[in-house]
1. For the stretch 131-154, enumerate the residues that are under 17 Å from N210 (Cα atoms) and part of a loop (DSSP other than H, G, I, E, B).
2. So K400 passes all but one of these: (1) modelled with pLDDT of 80 or more; (2) over 28 Å from I253 (Cα atoms). Which condition number does it fail?
3. Given the conditions (1) in a strand (DSSP E or B); (2) touching a residue at least 40 places away in the same chain (Cβ under 8 Å); (3) not acidic (D, E), and given that R157 satisfies all but one, which numbered condition is not satisfied?
4. Against the conditions (1) surrounded by 18 or more Cβ atoms within 10 Å (Cβ to Cβ); (2) under 20 Å from G265 (Cβ atoms); (3) polar (S, T, N, Q), where does S399 fall short? Just the number, please.
5. From the list G194, G176, G200, G170, which residue is closer than 20 Å to Y134 by Cα and not aliphatic (A, V, I, L, M)?
6. Determine if the stretch 198-216 includes at least one residue that is more than 14 Å from W302 (Cβ to Cβ) and within 15 Å of the chain's Cα centre (by Cα).
7. For the stretch 17-66, give me each residue that is closer than 17 Å to T116 by Cβ, in contact (Cβ under 8 Å) with a residue 40 or more places away in the chain and out of contact with any Ser or Thr (no Cβ under 9 Å at 6 or more places or on another chain).
8. Looking at the stretch 104-125, which of its residues are surrounded by 15 or more Cβ atoms within 10 Å (Cβ to Cβ) and in a loop (DSSP other than H, G, I, E, B)?
Amino acid sequence: MIFQINIVNSQVWSSVGTGLNGYGRIESMCEYNGDLYVGGYFDSIGGVQAFSIAKWNGTTWDSVPNSYFLTNYTNPWNPNLEIFDMVVYNGELVVAGSTLVNGSQQRNIAKWNGTTWSQLGTGMDNRIFAIEVYNGELYATGHFGQAGGVLARGIARWNGTNWNQVGGPGLNLSPGFTGSALEVNNGELYLAGGFYLINGLPVQSIAKWNGTVWDSVGSIDASISFQSLGSYNNKIYAGGYMNINSNPSNNWISSWNSTTWDSVGLGLNYIPGIMAEYNNELYVAGQFDTAGGTQALCIARWNELQWNTVGSGLNLFHINVDSAITPWDTTIVEKEFIYSMYTYDNELYVGGKFTQIGGINANSIAKWHIAGVSVDELNNEVDFSLYPTPFSKVVYLYSKQNLENAQIIIHDLLGQEVRKLNKLFGQHFEIDRENLISGIYFLSLTSNGKTWTEKLMVE
């Protein structure tokens with residue numbers, strides 16, 4: 001049985017100062033000592049000169065002193081400097097990415113204690129894409145082959161003094177390897193990326209570490225490639241191209257409940273690049289323009305029942321084309337993306353490369369604020385159940401409320417509408433199987449302008 005509580009609120013996007021100066025992008029965020037630090041690839045923000053890292057105190061932007069340490073150049077600006085991720089570890093802010101220092105030596109990781117920068121051993125020999133704290137150690141993944149001089153392909157850990165392997169030499173050597181994302185869930189560390197072995201164990205693009213050994217995560221086809229991970233309601237969410245349990249229709253995102261993989265509503269129509277939980281919902285951003293079968297421009301949110309929009313999202317003109325070429329217009333239009341999300345001061349900040357979001361001007365960073373939250377009385381909402389499920393001939397829908405002029409729509413896993421029932425009145429409804437083949441569907445009930453969605457299984 002589903003108990004749906006409607007949250008009545010005012011949800012708005014707003015800019016964060018004047019943002020970037022139009023050049024570069026924001027790819028990571030983290031709170032440290034009360035400020036929001038942002039990293040990426042830029043040379044100024046909010047009118048302040050800042051080289052790929054800056055901080056926001058809720059009102060104004062400021063540079064991070066001595067950030068030239070990250071490049072070791074007399075001129076702090078270094079086009080090779082890019083910060084992909086940052087976390088707090090042992091009371092210090094750790095930033096990781098792609099940094100060229102000391103001539104040809106690549107370190108790619110550094111830490112900031114609020115006053116000075118320092119290195120973590122000799123760092124890595126190639127780029128780091130994600131870092132995460134787990135069981136008192138700092139884990140890093142990316143496209144490196146060594147960490148602190150130790151063989152560690154794509155995954156390594158730092159204990160505060162030294163870099164070490166994570167149970168063995170790491171990811172497969174050929175035809176190439178990349179670790180893209182790290183996420184802690186239910187006491188285990190999950191790793192996703194482009195790989196098929198870890199320490200010789202056959203896995204496919206995702207594996208989990210319990211502090212002692214690696215293990216696979218369910219049954220996954222060899223064609224899969226995960227790029228992002230998120231945690232929500234004790235589940236791991238993974239995004240990318242997927243074919244799980246021999247079902248290629250998971251629509252770019254799936255959830256893992258420690259036992260089985262499952263679809264996420266009607267899914268997305270392209271790759272999600274970043275996920276974050278905010279106000280008891282999972283926010284997902286990436287290169288898609290629909291979520292749950294409806295328009296959602298590069299950002300959407302999931303509440304375990306259905307997908308919802310986050311305002312109007314990015315500017316539609318910028319997310320599907322690289323250029324607008326007509327006989328009268330050859331203007332190059334750069335694609336726009338969201339690369340990072342982070343909750344700071346009870347607001348959801350998003351960073352990337354964009355000029356507008358939710359219809360407002362915002363230069364690559366904005367915040368989403370939900371205010372005035374109140375909860376409607378439960379007896380003003382629809383409470384319904386489906387029985388039996390799975391079903392073979394007939395399924396019954398029971399509504400606690402008396403519905404007037406309601407509508408039921410059933411979609412298949414590809415988001416195609418396969419059944420529609422209009423002008424429904426009453427509390428009890430019988431739905432015949434008719435032409436529905438065995439499989440998973442989603443039943444959406446609309447009443448009084450609100451829609452609820454539940455999974456429907458046909459035997």
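1. N135, G136
2. So the condition that K400 fails would be (1).
3. (2)
4. So S399 meets the others, but not (2).
5. G170
6. no
7. Y32, N33, V64
8. R107, N108, L120, G121, T122, G123, D125 - these are the residues of the stretch 104-125 that are surrounded by 15 or more Cβ atoms within 10 Å (Cβ to Cβ) and in a loop (DSSP other than H, G, I, E, B).
The values are calculated or read from the model by the stated rules, or taken from the named source; none is laboratory data. Quick caveat: nothing in here was measured; it's all calculated off a predicted structure. Backbone-built Cβ (ideal geometry, glycine too); neighbour counts: all protein chains shown.
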